[in-house]
Amino acid sequence: MEERGYTVLRCIGQGAQGRVYEVQDKHGKPFVLKQLPWIGEGDKEKAQQEVRVLASLRHPCIVPYIDSFLARSMACIPTEDTLCLVMARCEHDLRRECLQRSENGDRLSEELVLSWLTQLCWGLQHLHARRFLHRDLKPQNVLVTKTGRMLLADFGVVGHLEHTEDFKNSIVGTPSFMSPEMLMGRPYGRKTDQWALGCILYEIMALEPPFAKCGCYAAIMQAVLNAQCHTAPPGYSQELSSTLEALMAKQPDSRPSSAELLGGSLLNASFQTLLHTVSDEIRELNMSPRAGDDASSYASDFESYSGSETGSLPAIPEGVERTDEIFEPPPGSVGMDEWRHCRAEAQTLLRPQSVIMDPLEEARKARRLLRRNLGSTDQVNKALRFLRERRPIGETDDVDELVLQIEVMDMLGDCGLHALPLLERCLAMERLGGLGDGIAASGVTSRSTSSAA
């Protein structure tokens, strides 16, 4: 680690997957370094591919991966046998936050519960839209910043690098937060993360884990598989209590997705507030007050895609220009390119489901944003053609999920992974509009040309 410029300050944790250290770089900045000692010779390429995908994820509610490298655990070992992941350092985790509040008798207000739930849902929605499962979601893997932001951590690597022949049927994670289908060894998908989200929501509301009285693995299995659903502690609204019960439903299909929760009435106001806050934060990091015309076109492009009216979210101020080329944001921070995709997705989620949009108009707006982020119409057409011709992926085909992510990034760079949900939405809208697979290379350029096609 010292050879890579990191000085170990102390060991702050150890588990089955490795050790976690507090380190500082050559400039004295603090980070967290996690060692995964079970990386074998045959797994190095796969590990590096997986970390490359993880490092490309930038989201306000996901802990940033700063660096990664292979290292030797001991000087006498001739080859590297550990994978080191360097991540941003946070104050503490959600479990400690809940314990402190429980000790102080500090029951959380519903407003704060909704704020935390919104941040967790948004981070999960970002992962799920990019074909990631967390698989080990628990309060210890939710980090809390100084400002109170919730950041998802420790996802992805353990899943793709687990030494099993069929991961989709394997048991990975912490038993007290495992879904019924995972405990029974059945295939699972994104809804297994929603069960864990329900367990976290219960702990936030009750300030204790949902299965705290279960002292062993067998007792946890008995409680999860056979006990009645957990009910919310008193003092919270019926809508929030019903959401908790829905998330902890025994049948996966009965659990709401993170996207459905964010688009529902319960989290609407909290989600809007979060978007305003994050928009201000990212503008401060990535923009400087210099005259230019790019800002106005950037703001209007967002409003065009989202279908929102001017001012529904903070617009880029007049006279402010993007300065990514002269301003270097802190390591791991969300840049303007990533924020475009996050905000466009958020606006889509917030749009009332009763509003019927013209699918061809939606496709045109999606292409407009894709051209701005991928660089050219040719790049957009190339990506859409690739996805159109590629074999469909099943929800639980983890190996093929990783292959798709790598293929998209090799073709488009890191921005390709962020554009993946919008690319898939564009394809869906074009099919819905009757364009099918025979769309012209020039794409959807206007309502009239779309109708003619």
If I ask for residues that are modelled with pLDDT of 70 or more and either charged (D, E, K, R) or more than 29 Å from GLN125 (Cα to Cα) (or both), which ones from segment 44-80 would you list? ARG52, ARG58, ASP67, LEU70, ALA71, ARG72
Give the residue that is surrounded by the fewest Cβ atoms within 10 Å (Cβ to Cβ), with candidates limited to residues of segment 91-103 that are at pLDDT 80 or above and not in a helix (DSSP H, G or I). HIS92
Being within 24 Å of LYS34 (Cα to Cα), of a type outside the set (Phe, Trp, Tyr), surrounded by fewer than 21 Cβ atoms within 10 Å (Cβ to Cβ) and out of contact with any Cys (no Cβ under 9 Å at 6 or more places or on another chain) is the requirement here; does ASP106 meet it? no
Which members of segment 241-264 meet the condition of being in contact with a Ser or Thr (Cβ under 9 Å, 6 or more places away or on another chain), small (Gly, Ala, Ser) and not in a helix (DSSP H, G or I)? GLY263, GLY264
Just to check your reading of the model, which residue among ALA232, ALA218, ALA269, ALA246 is among the aliphatic types (A, V, I, L, M), surrounded by fewer than 18 Cβ atoms within 10 Å (Cβ to Cβ) and modelled with pLDDT under 90? ALA218
Based on this model, can you work out whether GLU303 counts as at pLDDT 80 or above, out of contact with any helix residue (DSSP H, G or I) (no Cβ under 6 Å at 6 or more places or on another chain) and part of a helix (DSSP H, G or I)? no
Only unsatisfied item for VAL8, checking (1) under 21 Å from the mean Cα position of the chain (by Cα); (2) exposed (fewer than 14 other Cβ atoms within 10 Å of the Cβ); (3) modelled with pLDDT of 80 or more, is (1)
The helices (runs of 4 or more DSSP H) lying wholly within segment 331-426 that contain at least 2 residues that are at pLDDT 75 or above and closer than 24 Å to SER257 by Cα are 336-350, 359-374, 398-412
Among residues of segment 23-43, those that are at pLDDT 65 or above and closer than 21 Å to PHE132 by Cβ, counted: 3
Expected output for segment 131-146 (first residue closer than 15 Å to CYS121 by Cα, partner of a type in the set (Lys, Arg) and crowded, with 21+ Cβ neighbours inside 10 Å, Cβ below 7 Å, 6+ apart or cross-chain) is LEU133/ARG190
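The values are calculated or read from the model by the stated rules, or taken from the named source; none is laboratory data. Everything numeric here is computed off the predicted structure, so don't read it as measured data. Cβ atoms come from the backbone with ideal geometry, glycine included; neighbour counts cover every protein chain shown.
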